[in-house]
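J.: Dropping a structure here in structure tokens format, bear with me for questions.
The values are calculated or read from the model by the stated rules, or taken from the named source; none is laboratory data. In this text the structure is predicted, and so the values were computed from the model without any measurement. Because the Cβ atoms are built from the backbone with ideal geometry, glycine has one as well, and the counts that use them run over all protein chains shown. Calculation scope for accessible area: heavy atoms of the full protein, side chains included, ligands and nucleic acids excluded. Shrake-Rupley method; radii C 1.70, N 1.55, O 1.52, S 1.80 Å.
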Amino acid sequence: MWNMKQLAYGALARRANQIKDELRQGVRKPYKEVIDVFQGDLHGAGMKPLTFVRQVLAACVYPPLINSNNLPLDVRQRAQKELGRCVGGSVGSYSAAAGIPEIVHSISEFIKRRDGGIPSHPENIYISPGSQWSISNILNVLVNREASPRTGVLIPVPCYNITVLSITQLGAVTVPYYLSEEQAWALQVEELQRALESAKGVCSPVALYVINPGNPAGYVQSQKSVQEVIRFAWEKRLFLLVDELYQDCVYGENCEFVSYKRTLSEMGPPFSGTVELASFHSVSKGFLGECGLRAGYVELVNLDPAVMKHIHTIFSKDSCAPVLGQIALDLMTDPPKPGDPSYPLYKQVGPENCTLVINSLPGFSCPPLEGGLFAFPRLNLTPKAVQKAKVTAEMQEDPDTFYCTRLLEEGGVFTSPGWEYGQKEGTYHIRFCIAAPQDIMEELLRRLSSFHMTFMKDFS
Amino acid sequence: MLQNLAERIRKDISLGAQKPFKKVIDVSSGDPHRADLQHVSFLRQVLAVCVHPQLLEDKCFPLDVKIRAQKLLEACDGASVGSYTASSGLRHVRQSIAEFIKRRDGVPSYAQNIFISAGSQRAIMIAVKLLASGEGNTRTGVLIPAPCPHMLYNVLEEAGLVLVPYQLTEEKGWAVDLDKLHQALKAARGNCEPRAIYISNPGNPTGHVQDRKSIEEVIQFAAAERLLLLADEVYQDSVYGKDREFISYKKVLFEMDRELAETVQLISFHSISSTCIGECGLRAGYMEVVNMDPEVIYYFDNTLCGDISTPVTGQLALDLMVNPPQPGDSSYDTYIQETFFTLATMSRNAQLVHELLNKLPGVRCQPALGGIYVFPRLHLPCGIKAQAKLLGLKADVLYCQKLLEEEGVLAGAGEHGEMTDSFHLRSSIRNHKAL
């Protein structure tokens, strides 16, 4: 399903880049700039980087700044500390393939603190250029390219599309389990069961991929739900691949992020010592939003030592993650403390406005956003509208692609169509990032509303 | 294994253990910062400002640094190095690279044929993955030089390709021998389908720099046998042998007859990890794809989507590498001094090491004309060979182990696929003090 559409996927992004170039060159359009909320790219959407992070990184890049009085003391001390961990005292050196050891250690301490004291071991942690790279490496171990039947991986619908790409590129089969839109995208075990059964005779499922908080859907799993998934994975002997990139983006009322690792540990035997788990995090989302630096990590739990050895080999074959990214990881997991001159203040954009506006527009519906960086509203088009859109669309696109294309061209808002993430047959969604500063968010919603009303009128 | 031993020794030294040397000199890797070489100031200054744009107001940075940083930030989404870029790289940087190639070769180059990735290794991986097909006897094969860089084994194996080594001629300074190419190809046909030939020029780890005639021969061979040319030109800036000059495969190709120039498929690789820039830790490189079907080119971009984007600071470093300060710019003098010093160091080291090694009994070293390594051959006495066998090690590995333990020098053992009865070690010549 996804492979064929890959060709169309790139087209929208290319068009958006074209329009951006045209605007830069002064071509006139009904808008002055493109609001790019296509990816979970905070800085691209207008959020500012954290000053402390950038000051430390700048001093690491150009060490003479460490002697500059223009930088706060804690920044200078931290930069010196980070450089001391780099080979040759430079961010230009290769580091150990698994990551700079002191930073890996920092991450393990962070995980331990986050999970209420549950131990985390540095030798189970690997840093890579972005979490996707780690996911690919782990998949590489799980997927047997020569197997018949082929290896299967259960994935949610909707799902983060790049992981789907990684899975299919390795020659494995995706086994979709549908999240329940009517119940705010809840994960139902019966659905996991159904999905697993549908795989019989088609492929051999070895892993279950979960995203919490969600992408593109903005849910945060309850602890009960996490326990259910763990139990299911234990019963069916599935490897748990847990994407927890948005753990710092939780804002729904009564919502709380609890890591899979913590829940697993607290469930006790037989689960805690046997369920195999890989959890992923990165500097790309959350407070830092440093997607462009490319650094993430994976923590592995309950893996067989022989498998760990193999994983170590795979990570060692790659060159290391960019050193600046690794340093950013360290700053993320070991930020300034109260009392430090740079103790950071991070304002999160409230998504309440967003769901209110969207739900007020006819033909649009969206469950309350609890976490993550995206809104994934549903486009409720009548069959007549769907037909009309299909006829008008130049390339016989689906209505959601058509909607996004029109929204980009006419409204200057770059979003992505729901088919890229998977959706129930006959339903259409769009995804856009909501981590933008208030004024940009307001402008986005204004343009979206205006465009939407016109679109619904034209295609009703 | 040698790396682990080196780590242990470093630890012991830091805990006060007595050794015949004060610290381990690591010349095993091509990492210049590991070898105490300084970074290029202009590059680091521009990057620092890009990382923390408030530095634009800092008086300590020269004007050209600020102007350049501003220009680069404009090319980034949200004017931040923290934003994703297009999967194939920032358009601005791809354009800079195209212009650099055009200036270097006098041949047109287009941004859309240039793909930026997290290091040239990643680029090579993508290229070979797209090439890979078939099973059993029909599996795709790639001709690779023996010796060749280590990483090539990993990359090709992971992509499921068959390695078809062709021996380089040590006695001729590790030159490429057409007969050996034919031999390798002939032997390979039947158990795989050779579809590409990889070559590194300047050579890694050999230090050989091909002359025009040699490059033409390889191109003609590739054309006749319908092989894709994978030209790893990462060390193009480090040529110091007398009367030697780097000429790119692309330039030579375009100066051969028209039919060849329009049909031979070539991908050339470069990165910021080597050369005078040496920013291995920033992770960025590029490939230029020549004479490839546009539909295939589409898939380069598509495959890169899996990595989402290359580290932005690395991409900016690429731009600074291909577009350095010009005469008249405030940073020009310092830039020239620094890069000149690096090249002079390499050149001097290459000569010193060559002379010294050739004086030692049992060591023969071809002159290194370019690149960052020397690759001397060890004629080891039987005693050490026997001992090595007992320990289950290759003799050159054992030699390196002893070198590390007794003299504190970490060199790379010759595990590069050269002929089985010869032993070599690989040493980087970037380290200016310790050598």
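J.: Which numbered condition trips up A:VAL175, out of (1) farther than 15 Å from A:VAL210 by Cβ; (2) buried (at least 16 other Cβ atoms within 10 Å of the Cβ); (3) not basic (Lys, Arg)?
T.: Unmet for A:VAL175, out of (1) farther than 15 Å from A:VAL210 by Cβ; (2) buried (at least 16 other Cβ atoms within 10 Å of the Cβ); (3) not basic (Lys, Arg): (1).
J.: Looking only at region B:232-277, how many residues end up being among the acidic types (Asp, Glu) and on the phi > 0 side of the Ramachandran plot? If you could, list the steps in order and put the result at the bottom.
T.: As a first pass, look at region B:232-277 and keep what is among the acidic types (Asp, Glu): B:232-233, B:237, B:243, B:245, B:255, B:257, B:259, B:262.
Pick out the ones that are also on the phi > 0 side of the Ramachandran plot and you get B:243.
Qualifying residue count for the region: 1.
J.: Of all residues being away from chain A (no Cβ under 14 Å) and not in a loop (DSSP other than H, G, I, E, B) in region B:102-127, which is nearest to B:GLY314 (Cα to Cα)? Just the residue, please.
T.: B:ILE114
J.: Mind checking which residues of region B:44-59 are closer than 11 Å to A:GLN55 by Cβ and surrounded by 24 or more Cβ atoms within 10 Å (Cβ to Cβ)?
T.: B:ALA48, B:VAL51, B:HIS52, B:LEU55
J.: Continuing with the same structure: Somewhere in region A:217-236, is a residue closer than 20 Å to A:THR174 by Cα, assigned to a loop (DSSP other than H, G, I, E, B) and modelled with pLDDT under 95?
T.: yes
J.: Any residue at all in region A:189-211 that's within 14 Å of chain B (Cβ to nearest Cβ) and assigned to a loop (DSSP other than H, G, I, E, B)?
T.: Of region A:189-211, the ones within 14 Å of chain B (Cβ to nearest Cβ) are none.
No, there is no match, as no residue in region A:189-211 is within 14 Å of chain B (Cβ to nearest Cβ) and assigned to a loop (DSSP other than H, G, I, E, B).
J.: Moving to a separate point now. If I ask for residues that are open to solvent by 20 Å² or more (accessible area, probe 1.4 Å) and part of a helix (DSSP H, G or I), which ones from region B:171-199 would you list?
T.: Across region B:171-199, the qualifying residues are B:GLU171, B:LYS172, B:LEU178, B:ASP179, B:LYS180, B:HIS182, B:GLN183, B:LYS186, B:ALA187.
J.: Between a residue in region A:26-50 that is facing chain B (nearest Cβ under 8 Å) and within 20 Å of A:ARG14 (Cβ to Cβ) and any residue that is outside any loop (DSSP other than H, G, I, E, B) and small (Gly, Ala, Ser), which pairs come within a Cβ distance under 6 Å, given they are 6 or more apart or on different chains?
T.: Pairs found: A:GLY44/B:GLY78.
J.: Would you say B:ARG122 is over 21 Å from the mean Cα position of the chain (by Cα), among the basic types (Lys, Arg) and modelled with pLDDT of 85 or more?
T.: No.
J.: It is to be established whether one or more residues within region A:47-61 are at pLDDT 90 or above, among the hydroxyl-bearing types (Ser, Thr, Tyr) and surrounded by 14 or more Cβ atoms within 10 Å (Cβ to Cβ).
T.: no
J.: For the structure I just gave you, tell me whether A:SER93 is more than 30 Å from A:SER416 (Cα to Cα), crowded, with 17+ Cβ neighbours inside 10 Å and within 8 Å of chain B (Cβ to nearest Cβ). Give the steps one after another, and end with the answer.
T.: Details: more than 30 Å from A:SER416 (Cα to Cα): yes; crowded, with 17+ Cβ neighbours inside 10 Å: yes; within 8 Å of chain B (Cβ to nearest Cβ): yes.
It is true that A:SER93 is more than 30 Å from A:SER416 (Cα to Cα), crowded, with 17+ Cβ neighbours inside 10 Å and within 8 Å of chain B (Cβ to nearest Cβ).
J.: Limited to region A:237-258, what total is found for residues that are in a loop (DSSP other than H, G, I, E, B) and farther than 28 Å from A:ASP304 by Cβ? Show your work before the answer.
T.: Of the residues in region A:237-258, the ones in a loop (DSSP other than H, G, I, E, B) are A:237-238, A:244-249, A:251-258.
Then keep just the ones that are farther than 28 Å from A:ASP304 by Cβ; that gives A:246, A:248-249, A:251-257.
The number of residues fulfilling the criteria is 10.
J.: Turning to a different aspect of this structure: State whether one or more residues within region A:23-46 are of a type in the set (Asp, Glu), surrounded by fewer than 23 Cβ atoms within 10 Å (Cβ to Cβ) and assigned to a loop (DSSP other than H, G, I, E, B).
T.: To start, the set of residues in region A:23-46 that are of a type in the set (Asp, Glu) comprises A:33, A:36, A:41.
The next check asks that each one be surrounded by fewer than 23 Cβ atoms within 10 Å (Cβ to Cβ); those that pass are A:33.
Narrowing further to those that are assigned to a loop (DSSP other than H, G, I, E, B): A:33.
Yes.
J.: Now a separate question. Among the numbered criteria (1) more than 7 Å from chain B (Cβ to nearest Cβ); (2) assigned to a loop (DSSP other than H, G, I, E, B); (3) among the aliphatic types (A, V, I, L, M); (4) open to solvent by less than 20 Å² (accessible area, probe 1.4 Å), which single criterion is violated by A:LEU83?
T.: So the condition that A:LEU83 fails would be (2).
J.: Provide a single number: the residues in region A:65-80 that are open to solvent by 50 Å² or more (accessible area, probe 1.4 Å) and either at the interface with chain B (Cβ under 9 Å from one of its Cβ atoms) or not in a helix (DSSP H, G or I) (or both).
T.: Matching residues across region A:65-80 total 2.
J.: Could you tell me whether region B:60-77 includes any residue that is within 8 Å of chain A (Cβ to nearest Cβ), surrounded by fewer than 24 Cβ atoms within 10 Å (Cβ to Cβ) and not charged (D, E, K, R)?
T.: Yes, because at least one residue in region B:60-77 is within 8 Å of chain A (Cβ to nearest Cβ), surrounded by fewer than 24 Cβ atoms within 10 Å (Cβ to Cβ) and not charged (D, E, K, R).
J.: For region A:365-381, which residues satisfy the criterion of being within 17 Å of A:ALA436 (Cβ to Cβ) and in contact (Cβ under 8 Å) with a residue 24 or more places away in the chain?
T.: Going residue by residue through region A:365-381, those that are within 17 Å of A:ALA436 (Cβ to Cβ) are A:366, A:369, A:371-377.
If the condition is that a residue be within 17 Å of A:ALA436 (Cβ to Cβ) and in contact (Cβ under 8 Å) with a residue 24 or more places away in the chain, then A:LEU369, A:GLY371, A:GLY372, A:LEU373, A:PHE374, A:ALA375, A:PHE376, A:PRO377 are the ones that fit.
J.: Might you let me know whether region A:375-384 holds any residue that is assigned to a helix (DSSP H, G or I), surrounded by fewer than 17 Cβ atoms within 10 Å (Cβ to Cβ) and modelled with pLDDT under 90? Before the answer, list the steps.
T.: Initially, region A:375-384 is screened for residues assigned to a helix (DSSP H, G or I), giving A:383-384.
Now restrict to residues that are surrounded by fewer than 17 Cβ atoms within 10 Å (Cβ to Cβ): A:383-384.
When the remaining residues are screened for being modelled with pLDDT under 90, the result is A:383-384.
Yes, region A:375-384 contains a residue that is assigned to a helix (DSSP H, G or I), surrounded by fewer than 17 Cβ atoms within 10 Å (Cβ to Cβ) and modelled with pLDDT under 90.
J.: For region B:357-395, which residues satisfy the criterion of being open to solvent by 10 Å² or more (accessible area, probe 1.4 Å), of a type outside the set (D, E, K, R) and part of a helix (DSSP H, G or I)?
T.: B:LEU357, B:ASN358, B:CYS382, B:GLY383, B:ILE384, B:ALA386, B:GLN387, B:LEU390, B:LEU391
J.: Which count do you get for residues in region B:271-291 that are facing chain A (nearest Cβ under 7 Å) and open to solvent by less than 10 Å² (accessible area, probe 1.4 Å)? Let's see the steps before the verdict.
T.: At the first step, the residues of region B:271-291 found to be facing chain A (nearest Cβ under 7 Å) are B:278-283.
Right, trim to open to solvent by less than 10 Å² (accessible area, probe 1.4 Å) and you get B:278-282.
So the count comes out to 5.
J.: Now for a different question. Only one of A:ASP243, A:ASP248 is touching a residue at least 24 places away in the same chain (Cβ under 8 Å), of a type in the set (D, E, K, R), crowded, with 24+ Cβ neighbours inside 10 Å and under 28 Å from A:LEU42 (Cβ atoms); which? If you could, list the steps in order and put the result at the bottom.
T.: Working: A:ASP248 fails: crowded, with 24+ Cβ neighbours inside 10 Å.
Every option except A:ASP243 fails the conditions.
J.: Tally time: how many residues in region B:128-149 are in a strand (DSSP E or B) and over 18 Å from B:CYS192 (Cβ atoms)? Let's see the steps before the verdict.
T.: Just the residues of region B:128-149 that are in a strand (DSSP E or B), to begin with: B:140-146.
Adding the requirement that they be over 18 Å from B:CYS192 (Cβ atoms) leaves none.
Here the count works out to 0.
J.: Right, next: Count, please, the residues in region B:200-220 that happen to be out of contact with any strand residue (DSSP E or B) (no Cβ under 6 Å at 6 or more places or on another chain) and open to solvent by 10 Å² or more (accessible area, probe 1.4 Å).
T.: Final tally of qualifying residues: 9.
J.: Consider only pairs whose beta carbons are under 9 Å apart and that are at least six residues apart or on different chains; among these, list those whose first residue lies in region B:103-119 and is on the phi > 0 side of the Ramachandran plot and in contact (Cβ under 8 Å) with a residue 12 or more places away in the chain and whose second residue is part of a helix (DSSP H, G or I) and buried (at least 20 other Cβ atoms within 10 Å of the Cβ).
T.: Listed by first residue and then by second, the contacts come to B:GLY119/B:CYS280; B:GLY119/B:GLY314.
J.: Is it the case, given these coordinates, that A:MET453 is hydrophobic (A, V, I, L, M, F, W, C), over 24 Å from the mean Cα position of the chain (by Cα) and assigned to a helix (DSSP H, G or I)? Walk me through it before giving the result.
T.: Numbers: hydrophobic (A, V, I, L, M, F, W, C): yes; over 24 Å from the mean Cα position of the chain (by Cα): yes; assigned to a helix (DSSP H, G or I): yes.
Against the criterion (hydrophobic (A, V, I, L, M, F, W, C), over 24 Å from the mean Cα position of the chain (by Cα) and assigned to a helix (DSSP H, G or I)), A:MET453 qualifies.
J.: Then there's this: Output yes when any residue across region B:14-32 is open to solvent by 20 Å² or more (accessible area, probe 1.4 Å) and of a type in the set (Asp, Glu), and no when none is.
T.: Restricting attention to region B:14-32, the residues satisfying the condition of being open to solvent by 20 Å² or more (accessible area, probe 1.4 Å) are B:14-23, B:25, B:29.
Restricting the remaining residues to those that are of a type in the set (Asp, Glu) gives none.
Among the residues of region B:14-32, not one is open to solvent by 20 Å² or more (accessible area, probe 1.4 Å) and of a type in the set (Asp, Glu), which makes the answer no.
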